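To start, the structure itself, in structure tokens.
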Amino acid sequence: LTNQEEVISYIGGEGHNLQEHSVVLIRGGRVKDLPGVRYHTVRGSLDAAGVAKRRQARSKYGAKRPKA
């Protein structure tokens, strides 16, 4: 984070392209099944790519509108 604090965030969707020093945007929202995970990464912004071939709930996963 900008305040040099390290947090654990959940990466939603199928697969990701992130590596150890990737820069990501995070939002609030915990994951009930995973203790200590209180944030989500925002897909499709900064270093986090969107989910490929996503058709429903595209805005949550950074997927562009598919061509008809």
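No lab work stands behind these numbers, since they all come straight from the coordinates. Please read these numbers as outputs of a predicted model, since none were measured by experiment. Reconstructed Cβ throughout: ideal geometry from the backbone, glycine too, with neighbour counts over all protein chains shown.
What are the extents of the Cα atoms of the range 1-62 along their three principal axes, listed from largest to smallest and rounded to whole Å?
35, 26, 16
Distance from a point 7 Å along Cα→Cβ of Val23 to each backbone N in the range 47-61: keep the residues under 18 Å and list them by number.
So the set is 47-50.
Val37 versus Ala52, label points 7 Å from Cα toward the beta carbon: distance in nm?
Going from the Val37 label point to the Ala52 one covers 2.3 nm.
Rounded to the nearest 500, what is the 222 nm mean residue ellipticity of the chain from helices alone, with -39500 (n - 2.57) per DSSP H run of 4+ residues and division by all residues? Let's see the in-between values first.
Numbers: 1 runs with 4 residues, N = 68.
So the helix-based figure for the chain works out to -1000 deg cm²/dmol.
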